[in-house]
1. Checking the condition part of a strand (DSSP E or B) and in contact (Cβ under 8 Å) with a residue 24 or more places away in the chain, which residue from 116, 43 passes?
2. Hey, any hits in the range 184-199 for a residue that's closer than 30 Å to residue 321 by Cα and surrounded by fewer than 17 Cβ atoms within 10 Å (Cβ to Cβ)?
3. Among 289, 334, which is modelled with pLDDT of 90 or more and either assigned by TED's automatic domain parsing to the domain that holds residue 219 or surrounded by 15 or more Cβ atoms within 10 Å (Cβ to Cβ) (or both)?
4. Residue 261 - would you say it is at pLDDT below 85, under 30 Å from residue 209 (Cα atoms) and part of a loop (DSSP other than H, G, I, E, B)?
5. What number goes with the only condition from (1) surrounded by fewer than 17 Cβ atoms within 10 Å (Cβ to Cβ); (2) more than 30 Å from residue 350 (Cβ to Cβ) that residue 50 does not pass?
6. Looking for whichever is part of a loop (DSSP other than H, G, I, E, B), modelled with pLDDT under 85 and surrounded by fewer than 17 Cβ atoms within 10 Å (Cβ to Cβ) here; the options are 279, 294. Which one fits?
7. Test residue 95 against the criterion of being in contact (Cβ under 8 Å) with a residue 12 or more places away in the chain and either in the same structural domain as residue 188 (by TED's automatic domain parsing) or closer than 15 Å to residue 188 by Cβ (or both), and give yes or no.
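The values are calculated or read from the model by the stated rules, or taken from the named source; none is laboratory data. Source: prediction; values computed, not measured. We place every Cβ from the backbone using ideal geometry, glycine too, and count neighbours over all the protein chains shown.
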């Protein structure tokens with residue numbers, strides 16, 4: 001039975017950690033790795049990076065793994081109830097080792113399995129023809145690299161052919177293809193399977209947890225950083241398309257002069273202009289208007305510290321901080337998990353705010 005929200009904050013909870021060697025061909029655990037120190041490591045989940053997740057794991061003694069992977073597990077026990085969570089599957093690297101007498105120590109730099117796609121390159125030019133399913137093509141490349149893949153269904157077809165030069169990484173090709181289909185860039189789950197997931201508007205997500213300061217179990221640090229910077233958000237966009245037949249370029253201008261908008265020329269008393277190069281001249285005014293709307297979406301963020309909660313990057317969380325009249329629902333875009341008792345986390349939540 002899954003633990004409830006309050007179960008994670010009981011003071012009697014005890015956490016322990018286990019590290020397993022994983023056979024790279026079968027993706028099955030082989031043995032526990034006793035040479036990795038149980039506590040002292042950390043895992044970083046970052047949606048803004050191409051590889052999404054990494055870990056640092058300190059070790060003492062022999063840590064020979066060959067080409068196999070590492071998995072990180074935690075087991076939490078409270079009042080005779082136990083739950084084990086898999087936190088990630090990684091490619092380990094041992095950049096250096098310190099020797100002191102008979103003892104060898106160091107830290108493993110651990111990479112997401114997406115590193116395999118980053119390091120695998122096309123051996124010859126690749127053209128994916130129009131009417132191909134870009135998600136299907138991406139899953140085939142991922143399988144060719146030897147990685148498991150779980151993909152949302154997609155019926156999107158390419159309207160034109162797409163070509164890639166020899167030497168282009170599989171990760172770049174796959175990210176390009178799934179983005180065309182309206183998916184997020186490639187993710188990776190804790191088991192090591194590549195995830196292809198359809199993008200969702202943050203406003204469409206239901207928070208998986210609500211963190212409050214007006215309850216008995218207040219589980220976030222009182223120091224919360226709230227960032228909302230609109231200084232560089234434009235209120236005027238100039239779209240330009242160079243015309244090869246005429247030295248005079250085609251230009252369209254879109255201006256936000258709405259007095260109800262916090263970004264407008266009226267509200268700010270100044271013009272903040274953005275120049276955008278248009279790919280074609282069709283609907284140039286519409287292009288200028290679209291860019292103005294896109295650039296008028298600024299990111300508002302919250303950084304907070306809290307004990308562990310079992311949520312994933314891309315999930316929505318709600319923070320209700322009544323002492324400061326702050327009610328913020330955002331998407332988790334990064335989380336650092338410390339592998340020690342309490343499993344403390346630092347999380348960044350972001351939401352898009354339109355002016």
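1. Numbers: 116 fails: part of a strand (DSSP E or B).
Criteria check complete, one pass: 43.
2. Keep residues of the range 184-199 that are closer than 30 Å to residue 321 by Cα, which gives 199.
Narrowing the set further to residues that are surrounded by fewer than 17 Cβ atoms within 10 Å (Cβ to Cβ) leaves 199.
Checked the range 184-199: at least one residue is closer than 30 Å to residue 321 by Cα and surrounded by fewer than 17 Cβ atoms within 10 Å (Cβ to Cβ).
3. Numbers: 289 fails: modelled with pLDDT of 90 or more.
Going through 289, 334 in turn, just one is modelled with pLDDT of 90 or more and either assigned by TED's automatic domain parsing to the domain that holds residue 219 or surrounded by 15 or more Cβ atoms within 10 Å (Cβ to Cβ) (or both): 334.
4. Working: at pLDDT below 85: yes; under 30 Å from residue 209 (Cα atoms): no; part of a loop (DSSP other than H, G, I, E, B): yes.
No, not satisfied.
5. (2)
6. On the way: 294 fails: part of a loop (DSSP other than H, G, I, E, B).
It is 279.
7. Numbers: in contact (Cβ under 8 Å) with a residue 12 or more places away in the chain: yes; either in the same structural domain as residue 188 (by TED's automatic domain parsing) or closer than 15 Å to residue 188 by Cβ (or both): no.
Taking the combined requirement at face value, the residue does not satisfy it.
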